[in-house]
Amino acid sequence: MNPRITLRTLLLSIPLIAMPVAGQIPDLAMTERIKEEGMQRSQALDLFHTLTDVYGARLSGSPEHTAAAEWVRERFAAWGLSDSRLEAFEFGRGWSLQKLSIEMTSPRYMPLIGYPDAWSPGLDGVLEGQVVYLGDKSLEQIESMTSELANGIVFTNGQQTTFRDFDRPQPGLGELVRTGNPPGISSNTPASMRDIRPLLESAGSAIRIRPTIYRDGTVGGTGNRNTSEDAVASLTLSAEQYNMIARLSERGVPVELRIELETAYDSDTETYNVLADIPGMDPDVADEVVLVGAHLDSWHTAVGATDNGDGALAVIEAARILAALDVQPRRTIRFALWSGEEQGLLGARAYIEEHLQTEAQRQNLQVYLNDDPGSGRSLGFYMESNDEAKQIFDRWLEPLSDLAVTMNVPMPIGSTDHVPFDREGLPAFNVIKDFAGYDERTRHTNADYPDRMTEDELIQQSIFLAHFAWQAAQMDGRIPRLAR
């Protein structure tokens, strides 16, 4: 068990070293107002539970994501933010899971834990039949099994023997973290899926099933939005149950399953970012934008609480805090909830294409602050090797020392929504979070529920983001940029 540090704990194990930067003295009076609003009148927990419990999984392009996006837009408007809106971009078919039941009926009865791949087609009625196990077959043997594969329940892999047992290294505590994704885990397949998949399709198999790479009933689930509606249905099963069935099959014991799978495709081919502003009031810099964002979308196996419900909540509650204080920033503060992050940072890229094409538009972006991978409290920012910006951000961490922030780290991180901004040469930074139990348990899995987060953590990360947004909006001068 990894005990988390509570909101008021002062963490001094890693000292903050802040170089004096002219004109970048934090607005301490506003920071205290932000803390007081965020602590004494917090709506963080209620908003978090509404997002995760009421709206649930938010797969990009799905009706569920659209409903959640509309709810966020309505919240922003109700709090008095300006121009609260949904911005559409082309995505492709939406998809929803309508029904799923997986049961072993022989050699004994047992309910099974599994999830379909997103965009998998469903099954025509209840499918009952014997498992066709390919885990001990060569490609040549599989090619000769056309009659067995027809309408078959096909287990494509051998037993899963390697697992995602560790989280990526925690930033600042040793090994550098230069990617937004943990290392890959190998699967035990007799032949590549690139070769097996067309054989299953040509034989008319009903469904292909593979094991997850997680332990203890945790099942990871993603998917491909370009999956054909007439493809073979696909499903991921808990590793322990998959291995049990694989062992039975290897011993020559017939295994029979009963599966119901209903899915639906949505005719709306657009998905939506949510945007809202607190307008700038200084005529000299009001057109400059401090962009604060996180991705709203998730995968479909749970409710996306840590990936990325907590980051989305931090943006939403930071917007509420600043709106409640009736602030009048020098620069415009824009709040953004992206769609399509899990399919390739699509929402952030759509924003850049829509809003940051001219040099004048690009110059008007003061900074982008993104909140994504990891969970728990916010520790600081990955500074993308921008030493000058780090000096400023280090100074801004000081007033939050009572909230257990620890460090801004020089290193970059990839695979999240700040990346397209950074690659355009724009100042964009991602929040550092805890990785304990994130890669190994919750990220992209059926274990991603709000119970993983405490109210103190939600309050802390919201205050953190509101504070940094305000300081960036009020500072003299610009956030330094690096040539890319």
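Return yes when Leu235 is surrounded by 15 or more Cβ atoms within 10 Å (Cβ to Cβ), within 30 Å of Leu337 (Cα to Cα) and not assigned by TED's automatic domain parsing to the domain that holds Gly152 and no when it is not. So Leu235 fails the test.
Just so you know, in the stretch 441-451 the residues that are hydroxyl-bearing (Ser, Thr, Tyr) and not in a helix (DSSP H, G or I) include one that is surrounded by the fewest Cβ atoms within 10 Å (Cβ to Cβ), and it is Tyr449. Count of the stretch 120-148 residues, restricted to those that are within 37 Å of the chain's Cα centre (by Cα), farther than 14 Å from Arg208 by Cα and acidic (Asp, Glu), is 2.
Quick check on the stretch 212-220. Is at least one of its residues closer than 18 Å to Pro121 by Cα and not in a strand (DSSP E or B)? No, there is no match, as no residue in the stretch 212-220 is closer than 18 Å to Pro121 by Cα and not in a strand (DSSP E or B).
For the condition surrounded by fewer than 19 Cβ atoms within 10 Å (Cβ to Cβ) and on the phi > 0 side of the Ramachandran plot, Asp83 qualifies.
When we screen Leu356, Leu346 for residues that are modelled with pLDDT of 95 or more, within 26 Å of Asn181 (Cβ to Cβ), in contact with a Phe, Trp or Tyr (Cβ under 9 Å, 6 or more places away or on another chain) and surrounded by fewer than 22 Cβ atoms within 10 Å (Cβ to Cβ), the only hit is Leu356. Every listed requirement among (1) in contact (Cβ under 8 Å) with a residue 24 or more places away in the chain; (2) part of a loop (DSSP other than H, G, I, E, B); (3) of a type in the set (D, E, K, R) is met by Glu128 save one, (2).
Scanning the stretch 49-86 for residues that are closer than 19 Å to Tyr265 by Cα and not small (Gly, Ala, Ser) yields a count of 7.
Inspection of the stretch 224-238 identifies no residue that is closer than 22 Å to Gly92 by Cβ, part of a helix (DSSP H, G or I), modelled with pLDDT of 95 or more and of a type in the set (D, E, K, R). Residues in the stretch 196-211 that are touching a Leu at 6+ places or on another chain (Cβ under 9 Å) and either in a strand (DSSP E or B) or surrounded by 15 or more Cβ atoms within 10 Å (Cβ to Cβ) (or both): Ile196, Leu199, Leu200, Ala203, Ser205, Ala206, Ile207, Arg208, Ile209, Arg210, Pro211. Of all residues in the stretch 300-335, exactly one satisfies the criterion of being among the basic types (Lys, Arg) and without any contact (Cβ under 8 Å) to a residue 60 or more places away in the chain, namely Arg334. For the stretch 399-451, name all the residues that are of a type in the set (Val, Ile, Thr) and either touching a strand residue (DSSP E or B) at 6+ places or on another chain (Cβ under 7 Å) or closer than 20 Å to Leu45 by Cα (or both). The answer is Val405, Thr406, Val409, Ile413, Thr416, Val431, Ile432, Thr442, Thr445. Of the listed requirements (1) loosely packed, with under 14 Cβ neighbours inside 10 Å; (2) farther than 23 Å from Asn308 by Cα; (3) in contact with a helix residue (DSSP H, G or I) (Cβ under 9 Å, 6 or more places away or on another chain), Met104 misses just one: (1).
Just so you know, in the stretch 452-484 the residues that are touching a strand residue (DSSP E or B) at 6+ places or on another chain (Cβ under 8 Å) and among the aliphatic types (A, V, I, L, M) include one that is surrounded by the most Cβ atoms within 10 Å (Cβ to Cβ), and it is Leu465. Listed by first and then second residue, the pairs linking a residue in the stretch 242-270 that is closer than 22 Å to Tyr115 by Cβ and of a type in the set (Phe, Trp, Tyr) to a residue that is at pLDDT 95 or above and surrounded by 18 or more Cβ atoms within 10 Å (Cβ to Cβ), with Cβ atoms under 6 Å apart and 6 or more places separating them unless they lie on different chains, are Tyr242/Pro211; Tyr265/Trp95. Within the stretch 20-45, the set of residues being in contact with a Phe, Trp or Tyr (Cβ under 9 Å, 6 or more places away or on another chain) and part of a loop (DSSP other than H, G, I, E, B) comprises Gln24, Pro26, Asp27.
Among the residues that make up the stretch 175-195, is at least one of them at pLDDT 95 or above, in contact with a helix residue (DSSP H, G or I) (Cβ under 9 Å, 6 or more places away or on another chain) and in a loop (DSSP other than H, G, I, E, B)? No, the conditions are met nowhere in the stretch 175-195.
Of all the numbered requirements in (1) over 25 Å from Gly92 (Cα atoms); (2) among the charged types (D, E, K, R); (3) surrounded by 22 or more Cβ atoms within 10 Å (Cβ to Cβ), Asp307 misses one, and that requirement is (1). Selection of the stretch 377-419 for residues being touching a Gly at 6+ places or on another chain (Cβ under 9 Å) and not aliphatic (A, V, I, L, M) yields Gly380, Phe393, Asp394, Thr406, Asn408, Gly414, Ser415, Thr416, Asp417, His418.
The values are calculated or read from the model by the stated rules, or taken from the named source; none is laboratory data. On a predicted model such as this, the values are computed, not experimentally measured, just so you know. So basically every Cβ, Gly included, is an ideal-geometry build from the backbone, and we count neighbours across all protein chains shown.
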